[in-house]
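A short worksheet on the structure shown next.
The values are calculated or read from the model by the stated rules, or taken from the named source; none is laboratory data. Note that this is a predicted model, so its numbers are computed, not measured. In this analysis, Cβ positions are derived from the backbone assuming ideal geometry, glycine residues included, and neighbour counts consider all displayed protein chains.
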2 protein chains.
Amino acid sequence: MNIYDVSEKSGVSIATVSRVLNGSPNVSEATKKKVLSVMEELGYTPNVFARGLGLNTMNTIGIMCSDSSDPFLANAVYYLEQNLRKNGYDAFLCCTGYELVNKQKYLQLLLGKRVDAVILVGSSFLEADNNGNKYIIEAAHKVPVMIINGYLAHPNIYCTVCDDYQATYDATNNLIKSGSRNILYLYSSKSYSGIQKLNGYKDAITSNNLSLKDSLMVCNSGDIETITEVLDKLYKNDSKFDAIITSEDHLAVGAIKFAKKNGIKIPKDLQVIGYNNSILSHCTDPEISSVDNHVEALSIATVTNLMRVLAKADVPNRTTLSNDLIKRETTRF
Amino acid sequence: MNIYDVSEKSGVSIATVSRVLNGSPNVSEATKKKVLSVMEELGYTPNVFARGLGLNTMNTIGIMCSDSSDPFLANAVYYLEQNLRKNGYDAFLCCTGYELVNKQKYLQLLLGKRVDAVILVGSSFLEADNNGNKYIIEAAHKVPVMIINGYLAHPNIYCTVCDDYQATYDATNNLIKSGSRNILYLYSSKSYSGIQKLNGYKDAITSNNLSLKDSLMVCNSGDIETITEVLDKLYKNDSKFDAIITSEDHLAVGAIKFAKKNGIKIPKDLQVIGYNNSILSHCTDPEISSVDNHVEALSIATVTNLMRVLAKADVPNRTTLSNDLIKRETTRF
């Protein structure tokens, strides 16, 4: 059952059916009535594809996110949906997982659904190898591609990023100024923003004339319990640290549990900084000082930029928002 | 640019273009070559709609969820996507928000995209007033509708629910057996599962010959800080309670903070039970005993049922899974 069946059965052209669907005034009442009654008879759902025949737009945006169970990504999707709806756009979301082949497949699927634009949420869509980004660049030949927290320099690709480098630099610098000397950097992924944060940490260490130690840069994608154990082992292997800065709040929760287990006083003997300012940072005792990457502002800026792109206005290739450290009970400054 | 342009330009029927798209063997090599070169020339993306012309299925399932920032819903979506993919299905997700008009609109949109079935995640899709459920029943005339954590008796609607009544009954009963007498029930919504839980609480109280008190049944949809204040006020207004059972983990986090603020010892003087067994229950000190509603099992059961429905096998209208209390540090039993 489609628009062509309706056209045939009602004896009018596809263009006329399309005009009826779009509420165009250039259709007689009699024709309109006939078309609508055929639709009813055939049980036809005016689909978005058909609507688009007339309007040349579906008012639908495709959103891709790698993992809806990640609180940062889930919140970004939530704010994107809300702001798209305010602007009269519907959104289709695909949760792609982390495998390149599935990301490629879903992007094709969205383009096949004739979305007006695609928003990629999270830096996990960008591969270090530029070949892995070809599918994004190809998509940008068809529709605008917005990227949140990732950067790719190419026409028709618009990126909104947090200044994760500066935020991690500042946080590390403040840990040093407040007396910490052996600062552990604990992170969970080597994504675009993961690398930005790591670089911010490294530069703050060296610009304070401290030495970078490989043993104090730890990458682990485990859960809270695993992180607690990892820190425990490190500590018992004599890798002494007096501050921990993390790339995600759940890693900071692991740090709090590790400190409690070993009777280490926070923030007196150990400072801890989380990242994302998520609900987790409010749950622990002490509550965690955490970098707020302003997921709502990031999502709003992305939708605002997208609306400008669709209106053919000028939009820079990269929009950078700053981050703030929300100070709670795990820092001395 | 669509399949009809390709048909016209290559001088073959739509059915033939469709056969090419579907890799059907009943097309000559010459025709195939011609169609593919026209597609290339027109920059045509074989869309899912076109694919479906031949296969009579898109292998695409629509998922609707009211709020992707809710951890339970976000996890359900994550497991649904994973399991659908394992079965060869793609998924489109719509985050509808809580307003009926948007839920209706998104369901129409999904049907317009010709999905093979729709999955509604979370009991917030069901209205107490049956008129509000008409749009779901209408959808069920077109495609199978699966509901997670909600129940609607109608052909072609298949519900997977947790036994929230029994879980809350058992939890409350255990609080009483371990010595609590004034048990506060704290919940955040009067949805289908919210009501099930409340009834479980009520029946456990009365079947133990204790009296139900309105002042001990508190509905509040606030954040952790608000909940902490609400409990503080109740306590100071002499509404003494010696146990708190909640409908969500974040409410239990509020209970822990309230107890700490007032120097109340957990679990000695106050037992606390959370719900959902989310990451939040691991973050606090003490860690929270919480009801595990097995979001993964629930999602797998839903996909399994859906695959059986699509294969025309018999599936019961309601599948009920049991819940378990995961005992941590906030209970005495």
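Taking segment B:56-71 as the search range and keeping residues that are modelled with pLDDT under 90 and either more than 8 Å from chain A (Cβ to nearest Cβ) or assigned to a helix (DSSP H, G or I) (or both), which one is nearest to B:SER278 (Cα to Cα)?
Per the criteria, the residue is B:PRO71.
Quick one: which residue in A:TYR169, A:TYR165, A:TYR106 is within 14 Å of another protein chain (Cβ to nearest Cβ) and either crowded, with 18+ Cβ neighbours inside 10 Å or under 29 Å from B:MET64 (Cα atoms) (or both)? Can you show your working first?
Working: A:TYR169 fails: within 14 Å of another protein chain (Cβ to nearest Cβ); A:TYR165 fails: within 14 Å of another protein chain (Cβ to nearest Cβ).
None of the other options fit; the residue is A:TYR106.
Take segment B:276-290 and flag every residue that is more than 10 Å from chain A (Cβ to nearest Cβ) and modelled with pLDDT of 95 or more.
Scanning segment B:276-290 gives B:SER289, B:SER290.
When you go through (1) modelled with pLDDT under 90; (2) buried (at least 17 other Cβ atoms within 10 Å of the Cβ); (3) over 20 Å from B:ILE137 (Cβ atoms) one by one for B:LEU84, which number turns out not to apply?
(1)
Hey, could you check segment A:36-50 for residues that are surrounded by fewer than 18 Cβ atoms within 10 Å (Cβ to Cβ) and of a type in the set (A, V, I, L, M) and say which is modelled with the highest pLDDT?
Top of the filtered list is A:LEU36.
Only one residue in A:ILE326, A:ILE256 is within 14 Å of chain B (Cβ to nearest Cβ) and either surrounded by fewer than 18 Cβ atoms within 10 Å (Cβ to Cβ) or touching an Asp or Glu at 6+ places or on another chain (Cβ under 6 Å) (or both). Which one? Let's see the steps before the verdict.
On the way: A:ILE256 fails: either surrounded by fewer than 18 Cβ atoms within 10 Å (Cβ to Cβ) or touching an Asp or Glu at 6+ places or on another chain (Cβ under 6 Å) (or both).
The conditions single out A:ILE326.
Show the residue pairs that are 6+ apart or on different chains and have beta-carbon atoms under 7 Å apart, the first residue being within segment B:31-42 and free of Cβ contacts under 8 Å to residues at least 24 places away in the same chain, the second being surrounded by 12 or more Cβ atoms within 10 Å (Cβ to Cβ).
Between residues of segment B:31-42 that are free of Cβ contacts under 8 Å to residues at least 24 places away in the same chain and residues that are surrounded by 12 or more Cβ atoms within 10 Å (Cβ to Cβ), the close pairs are B:THR31/B:VAL12; B:THR31/B:THR16; B:LYS32/B:VAL20; B:LEU36/B:VAL20.
Just checking, does segment B:113-127 include any residue being within 9 Å of chain A (Cβ to nearest Cβ) and small (Gly, Ala, Ser)?
No, that holds for no residue.
May I ask you to verify whether B:GLY222 is more than 20 Å from B:THR168 (Cα to Cα), within 14 Å of chain A (Cβ to nearest Cβ) and either exposed (fewer than 14 other Cβ atoms within 10 Å of the Cβ) or touching a Pro at 6+ places or on another chain (Cβ under 9 Å) (or both)?
The answer is no for B:GLY222.
Answer with yes or no whether A:VAL272 is surrounded by 15 or more Cβ atoms within 10 Å (Cβ to Cβ), under 25 Å from A:VAL121 (Cα atoms) and modelled with pLDDT of 95 or more.
no
Looking at A:LYS33, A:LYS103, which one is of a type in the set (Lys, Arg) and modelled with pLDDT under 85?
A:LYS33
Just one of A:ILE195, A:ILE205, A:ILE176 is at pLDDT below 95 and assigned to a helix (DSSP H, G or I); which is it?
Going through A:ILE195, A:ILE205, A:ILE176 in turn, the sole match is A:ILE195.
All but one of (1) more than 7 Å from every other protein chain (Cβ to nearest Cβ); (2) farther than 16 Å from A:LEU110 by Cβ; (3) at pLDDT 90 or above hold for B:LEU53; which doesn't?
Evaluating B:LEU53 over (1) more than 7 Å from every other protein chain (Cβ to nearest Cβ); (2) farther than 16 Å from A:LEU110 by Cβ; (3) at pLDDT 90 or above leaves (3) as the failure.
Just need a number here: residues in segment A:190-214 that are among the hydroxyl-bearing types (Ser, Thr, Tyr), within 15 Å of A:LEU175 (Cβ to Cβ) and touching a Leu at 6+ places or on another chain (Cβ under 8 Å).
Matching residues across segment A:190-214 total 1.
What number of residues within segment B:134-147 satisfy the criterion of being buried (at least 19 other Cβ atoms within 10 Å of the Cβ), out of contact with any Cys (no Cβ under 8 Å at 6 or more places or on another chain) and away from every other protein chain (no Cβ under 14 Å)?
3
Given the structure, is A:SER24 modelled with pLDDT under 80, more than 14 Å from chain B (Cβ to nearest Cβ) and farther than 25 Å from B:LYS142 by Cβ? Let's see the steps before the verdict.
Working: modelled with pLDDT under 80: yes; more than 14 Å from chain B (Cβ to nearest Cβ): yes; farther than 25 Å from B:LYS142 by Cβ: yes.
Yes; evaluated as a whole, the condition is true for this residue.
Could you look through segment B:259-273, keep only residues that are over 16 Å from B:VAL230 (Cβ atoms) and in contact with a strand residue (DSSP E or B) (Cβ under 7 Å, 6 or more places away or on another chain), and pick out the one that is farthest from the other protein chains (Cβ to nearest Cβ)?
Among those residues, the one meeting the criterion is B:GLN271.
Identify all residues within segment A:92-103 that are touching a helix residue (DSSP H, G or I) at 6+ places or on another chain (Cβ under 8 Å) and within 11 Å of chain B (Cβ to nearest Cβ); write none if there are none.
Selection gives A:PHE92, A:LEU93, A:CYS94, A:CYS95, A:THR96, A:GLY97, A:ASN102.
Could you run through segment A:72-91 and say how many residues are more than 7 Å from chain B (Cβ to nearest Cβ) and under 10 Å from the mean Cα position of the chain (by Cα)?
4
Any residue at all in segment A:315-323 that's over 30 Å from A:ILE176 (Cα atoms), among the hydrophobic types (A, V, I, L, M, F, W, C) and touching a helix residue (DSSP H, G or I) at 6+ places or on another chain (Cβ under 9 Å)?
Yes.
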